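Q: Take this structure, written in C-alpha cells, and hold onto it; I'll ask about it next.
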Amino acid sequence: MMSWNKVAREVKNVYLEVDLKLKNESKVCSKGCSFCCYQVIRMFPVEEAPISKYVEDQLSSEIKTTIKANLEKWLSFLDDNTPNKQLNEHDINEFSKIAASQKIACPFLINHECSIYKVRPLVCRTHYVKYSPEQCEIDSLRVGEQEGHNQQKHAFQVFSRVGREFSGQESGWRLLPYAIAETFGIRRQFKEVLLRPISLIFK
C-alpha cells in the first residue's frame, strides 16, 4: 500500500506537469487577483496529502490560526445556507451561488492571496481566463478555459491510480474545507455531501 508521503509526492509531480503544460497558455490572471477564490472548491481526495503536509511543515502558527477561523466560518455558513443534512449536486451548486454573492472566500484566502498557493488544488491551478479580467469581479463563478479542464481530465487518470493504491478504492470529489478540516483539529458534525462521480465528468 502506498504511504501518505508517497501520495503527496505523486500528486505534486502531477502539479508540476500540469503547471508546465499551462505555462505558455495565454492568460490574464495575475498575483493578487482573487475573484475566482470565492468559488466552492472541489478536490480529489489524494490532494489532501500535499496540502496537509504543507500546512504542517510550512505555515506559521498565526496563519494556521487564521485559516482555522476561516474554516469554522465557512463550515457554519454552509450549514446555515443549505436545506438538508444530506446535500446533492444541486444543493452545492445553489450554495455556490449564495457564497459567491455574499463574497464568502475559500478559507485559505488571506489578504487576497492563497496561503497554500504552492500546493493549491488542481481545479485552482488549471482555472484561468484569456480575456476580460474585469468580468471575473462581476462573476466569480466564471467558467475557465477548456484547456484547463483537459488538464484536469489527464490528472484524473493519475489521481485515480494513486487513490486505488493508497486506499484500495477510487473516491469521488471532496469539498476542500471538508477534506482539510481534520488537519486543523476541527471536530464537528458534517453534512453528507453526495457529488457527481468524477468518472462521469471525465469519461
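The values are calculated or read from the model by the stated rules, or taken from the named source; none is laboratory data. Just so it is clear, the model here is predicted, and its values are computed rather than measured. Cβ coordinates were reconstructed from backbone atoms using ideal geometry, including for glycine residues, and neighbour counts include every protein chain displayed. Heads up: the accessible areas ignore ligands, DNA and RNA and are worked out on the full protein's heavy atoms, side chains in. Shrake-Rupley method; radii C 1.70, N 1.55, O 1.52, S 1.80 Å.
Q: Return the calculated 222 nm mean residue ellipticity for the chain, to the nearest 500 deg cm²/dmol, obtained by summing -39500 (n - 2.57) across DSSP H runs with n ≥ 4 and dividing by the residue count.
A: -15500 deg cm²/dmol
Q: For segment 1-117, with only Lys/Arg (+1) and Asp/Glu (-1) charged at the beta-carbon, what is the dipole magnitude about the Cα centre, in debye rounded to 20?
A: That gives a dipole near 280 debye.
Q: Let me ask something else about it. Given Cβ point charges of +1 (Lys, Arg) and -1 (Asp, Glu) and nothing else, what value in debye, to the nearest 20, does the dipole of segment 66-145 about its Cα centre take?
A: 340
Q: Using θ = phi - 60° and the Karplus form 6.51 cos²θ - 1.76 cosθ + 1.60, what ³J(HN,Hα) does each residue of segment 130-135 get, whole Hz, x for Gly and Pro?
A: Calculated HN-Hα couplings, in order: 9, 7, 6, x, 5, 5 Hz.
Q: What residue among 13, 88, 111 shows peak mean-square fluctuation when the chain is described by a Gaussian network model with Cα springs under 10 Å?
A: Among 13, 88, 111, the largest GNM mean-square fluctuation belongs to 111.
Q: Now a separate question. Top to bottom by accessible area (1.4 Å), largest first, where do 145, 56, 72, 47 land?
A: 56, 72, 145, 47
Q: Moving to a separate point now. Within 10 Å of each candidate Cβ there may be at most 10 other Cβ atoms; applying that plus a DSSP loop requirement, which trypsin sites (Lys or Arg not before Pro) in segment 74-178 survive?
A: Those satisfying the criteria are 85, 103.
Q: Here are a few candidate values for percent of Cα pairs over 19 Å apart: [x] 62; [y] 59; [z] 67. Which one was actually calculated from the structure I just gave you?
A: [x]
Q: Can you tell me the length gained on complete extension of the stretch residue 28 to residue 130, counting 0.36 nm per residue apart and subtracting the Cα distance?
A: Stretched out fully, the residue 28 to residue 130 stretch lengthens by 36.2 nm.
Q: Additional query: Using 1/(1 + (r/R0)^6) with R0 = 25 angstrom and r between the beta carbons of residue 97 and residue 150, what's the FRET efficiency to the nearest 0.05?
A: 0.45
Q: Considering only protein heavy atoms, what per residue accessible area in square angstrom results for the chain with a 1.4 angstrom probe?
A: Value for the chain: 55 Å² per residue.
Q: Subtract the Cα-Cα distance of residue 117 and residue 63 from 0.36 nm times their separation in residues, and report this length gain in nm to one decimal.
A: Here the answer is 18.1 nm.
Q: Here's a follow-up. Which of 23/64; 31/130; 64/118; 12/68 have a Cα-Cα distance over 18 Å?
A: Where the Cα-Cα span goes over 18 Å, the pairs concerned are 23/64; 12/68.
Q: While we're here: Calculate what fraction, in whole %, of the accessible area of segment 3-108 sits on carbon and sulfur atoms when a 1.4 Å probe is rolled over the protein chains.
A: For segment 3-108, the apolar C and S fraction of the accessible surface comes to 49 percent.
Q: Near residue 103, which lysines are there with a Cα under 17 Å away, not counting those fewer than 8 places off in the same chain?
A: 73
Q: Give me the dipole magnitude in Debye, nearest 20, for the chain about the Cα centre, with unit charges on the beta carbon: positive for Lys and Arg, negative for Asp and Glu.
A: Rounded to the nearest 20 debye, it is 320 debye.
Q: Using +1 at the Cβ of each Lys and Arg and -1 at the Cβ of each Asp and Glu in the chain, identify which of 158, 33, 129 lies farthest towards the dipole's positive end.
A: Value computed over the given set: 158.
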